[in-house]
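Working notes, structure below.
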Amino acid sequence: MEFRIGDQVLLHHTKAKKQWSGKFDPKWDNLFHIHKALGNGAYKLRLEDRILKKVVHGNWLKIYHVKQESSSSIPQLGTQISLIRPENIPRDLEPIIVIET
């Protein structure tokens, strides 16, 4: 995969591969920006205002996708919730929650 200058990428944490412990530690480091493409898949990365000295191959990078806001089934604070219990449903069942937005 080729990256463009300004792309947001995650850098693979190579030390995690060599350790026996840390099985559940994150495999990807910080959010970087592509600062410069050097050719043959090599890139210089930028972290905020600092440019890394190390050159990184594109195989150790993956594009960062901004998480889209999804409509959650959890009501937002301040949303009015009312419980409805129709007469034809037995009392031992859970109540039905209706969310009014």
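The values are calculated or read from the model by the stated rules, or taken from the named source; none is laboratory data. All values derive from a computational prediction rather than experimental measurement. Just the protein is used for accessible areas: all its heavy atoms, side chains included, with ligands, DNA and RNA removed. Shrake-Rupley method; radii C 1.70, N 1.55, O 1.52, S 1.80 Å.
Among the numbered conditions (1) open to solvent by less than 50 Å² (accessible area, probe 1.4 Å); (2) more than 25 Å from the chain's Cα centre (by Cα); (3) at pLDDT below 65, the only one that A16 does not meet is (2). Just so you know, in the stretch 19-49 the residues that are of a type in the set (K, R) and modelled with pLDDT of 90 or more include one that is nearest to V66 (Cα to Cα), and it is R46. For the stretch 22-48, the tally of residues that are closer than 13 Å to G6 by Cα and either open to solvent by 100 Å² or more (accessible area, probe 1.4 Å) or among the β-branched types (V, I, T) (or both) stands at 3.
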